[in-house]
Amino acid sequence: MKKVLALLLCGLLLLQGCGKKAQETSSDTVPEGTDTPAPTETPTEEPTPDPDQEQEEEEEEVSISLPEQELMADYTKAEGIQIPPGSQIAVVVKDKGTGFWKAVRQGMEMAVEDINEVCGYTGKDKVKLTFESPSDSNDIDTQINIIDAVLAENPLVLCLSPIDMGSCQAQLESAEENGIPVILVDGGVKGAENSSICSTDHYAVGKEAAVHLSQAMAEGGQAAIVGHQPLTESCVEREKGFRTEMQENHQGIQVLADTVYDDGEVSLEDQVAQLLEENPELKGIFCTNEETGEVVLAAVEKLEERQISVVTVDAGSDIIEAIEEGRDVGTVCQNPYGMGYASVIAGARAAMGLPNNEYIDPGYQWINGENLEAPENQKYLYE
């Protein structure tokens, strides 16, 4: 009898619970005269963006163009290019992790995509791009080893941006002996007289930077240079152009004799901190590339009672933000997408036995808060 009563009691409790649950979940049994609670909307989850799709959309917006100049070919188009299926276009640069070189790579990939379309290549027949660099942009020996390994793969062409303009002679000779054309990108190297070069006029970049920094300094005061690599042609020429312009046309500004270099031995942050501490009268700094600019802008931002004008080169997201906030006077921007695209087209032409210009100028543009948003300047900017 006790067992029967227990079972009956459990059944009643279960029925009561089910009834209560049904009452709570039913929207049709609300007693008359009571406020009907607003239905709870289940938030819809936004679809996760596809990074590859976003990148493709971004690439579609990139404009490939070069400044007006006398050229024997249109290096902004792939029409007329016909190279063997499955060819490898090898690229070895200083540093593939920075915003500038990522933009150069994007321009190169766009050129390869256009070549494949023009040639009608799909699948295994597609022309491929390899893009390599040392992990440290100051590591000359590793870059040379990478070049040796790349040449051993017998690519159709090598696009090369050397860290040290005095290195790579043996590699250039090896490439020539094996019939591998070399296109120099963003800077030259000794012993490459037979190679075309697609590079900004770095001397002109330095002069441009000097003009705008001198204006920001009201043509007077002490200025310094923070350089990215003492053996790289781009750094050497930018510094030379900056010093020449200041000496010849802005004599009220004293440029410190010693340049602070990101030489890989002492951290650039420590060197910039020492520069600021030892030169309390410093009024302006020229940074020869994006990375040095980011370090200097971060250091100057921490100063509370000193006003130092900064001019940079190239424009990734940090530099753009500094310009928008007025912390960066402005920047001399290269044309990375155009540089990358033109280098690949020149390499394909060389592989076909077609002539190239000895020098292809991608151009540059001064960008500050006044023209940062101009549509025609977006091809110089990158993340």
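The values are calculated or read from the model by the stated rules, or taken from the named source; none is laboratory data. The model shown is predicted, which means the values in this text are computed figures rather than measured ones. Positions of Cβ are backbone-derived with ideal geometry, glycine not excepted, and every protein chain shown enters the neighbour counts. With ligands, DNA and RNA removed, areas are computed over all heavy atoms of the protein, side chains included. Shrake-Rupley method; radii C 1.70, N 1.55, O 1.52, S 1.80 Å.
Going by the alpha-carbon gyration tensor, a ≥ b ≥ c the square roots of its eigenvalues, is the stretch 186-293 rounded (a/c under 1.5) or, if a/c is not under 1.5, prolate (a/b greater than b/c) versus oblate? Please report the intermediate quantities before stating the final value.
Numbers: a/c = 2.63, a/b = 1.37, b/c = 1.92.
The shape class here is oblate.
Per residue, how much accessible area does the stretch 324-383 show when a 1.4 Å probe rolls over the protein heavy atoms, in square angstrom?
Details: 2310 Å² over 60 residues.
I get 39 Å² per residue for the stretch 324-383.
Largest first, what is the accessible-area ranking of TYR75, TYR203, TYR121 with a 1.4 Å probe? Write down the numbers at each step before the final one.
Numbers: TYR75 0, TYR203 75, TYR121 30 Å².
Descending order: TYR203, TYR121, TYR75.
Under a 5 Å amide H to amide H cut-off, with H placed in plane at 1.01 Å, what residues pair with GLN222 once short-range neighbours are removed?
Residues meeting the amide H criterion: GLN254, LYS283, GLY284.
Taking the Cβ-Cβ separation of GLU219 and GLN169 as r and a Förster radius of 56 Å, what is the calculated FRET efficiency to the nearest 0.05?
Values: r = 44 Å, r/R0 = 0.78.
Efficiency, from the Cβ-Cβ distance: 0.80.
With every protein chain present, what is the per residue accessible area of the stretch 160-288 (1.4 Å probe, Å²)? Intermediate values should be presented prior to the final figure.
Values: 5400 Å² over 129 residues.
Per-residue value: 42 Å².
Would you kindly derive the ³J(HN,Hα) couplings of the stretch 89-95 from the backbone phi angles with the Karplus curve 6.51 cos²θ - 1.76 cosθ + 1.60 (θ = phi - 60°), listing them in order in whole Hz, with x for Gly and Pro?
These are the phi-based 3J(HN,Hα) values: 9, 9, 10, 10, 10, 6, 7 Hz.
Can you compute the modelled spin-label distance between SER65 and LEU303, with each label point 7 Å from Cα toward Cβ, in nm?
3.7
Just check the stretch 58-102 against the gyration tensor rule for me: Cα atoms, a ≥ b ≥ c as the square roots of the eigenvalues, rounded for a/c under 1.5, and otherwise prolate or oblate depending on whether a/b exceeds b/c.
Details: a/c = 1.69, a/b = 1.13, b/c = 1.49.
Here the stretch 58-102 falls in the oblate category.
Could you sort 273-284, 216-227 so that the peptide with the highest average Cβ count within 10 Å comes first and the rest follow in order? Write out the running numbers ahead of the final one.
Details: 273-284: 14.5, 216-227: 19.4.
Sorting 273-284, 216-227 by mean packing, highest first, produces 216-227, 273-284.
Is the C-alpha gyration tensor of the stretch 77-137 telling us rounded, prolate or oblate? Criteria: a/c under 1.5 is rounded; beyond that, a/b larger than b/c is prolate, otherwise oblate. Write out the running numbers ahead of the final one.
Values: a/c = 3.07, a/b = 2.05, b/c = 1.50.
Prolate shape, in that a/c is at least 1.5 and a/b is the bigger ratio.
Tell me the carbon and sulfur percent of the accessible area for the stretch 221-347, rounded to whole percent, probe radius 1.4 Å.
Numbers: 2040 of 5000 Å².
Reported share for carbon and sulfur atoms: 41 percent.
Among LYS102/LYS379; LYS207/LYS379; LYS77/LYS379; LYS102/LYS128; LYS207/LYS240; LYS96/LYS128, which pairs are too far apart, with a Cα-Cα distance over 19 Å? Mind showing how you got there, number by number?
Working: LYS102/LYS379 14 Å; LYS207/LYS379 22 Å; LYS77/LYS379 16 Å; LYS102/LYS128 17 Å; LYS207/LYS240 8 Å; LYS96/LYS128 17 Å.
Over 19 Å apart, Cα to Cα: LYS207/LYS379.
I need the calculated FRET efficiency for the pair VAL266 and ASP136, taking r as the beta carbon distance and R₀ as 22 Å, to the nearest 0.05.
Details: r = 14 Å, r/R0 = 0.64.
So, using R0 = 22 Å, E works out to roughly 0.95.
I'd like to compare 103-112, 125-134: which one has the highest average count of other Cβ atoms within 10 Å, and what's the full order after that? Intermediate results must be reported in sequence, preceding the final value.
On the way: 103-112: 23.1, 125-134: 17.2.
Ranked by mean Cβ neighbours within 10 Å, highest first: 103-112, 125-134.
When ranked by the protection proxy of mean other Cβ atoms within 10 Å per residue, highest first, what sequence do the peptides 180-186, 234-240 form?
Details: 180-186: 25.4, 234-240: 23.1.
In decreasing order of mean packing, 180-186, 234-240 become 180-186, 234-240.
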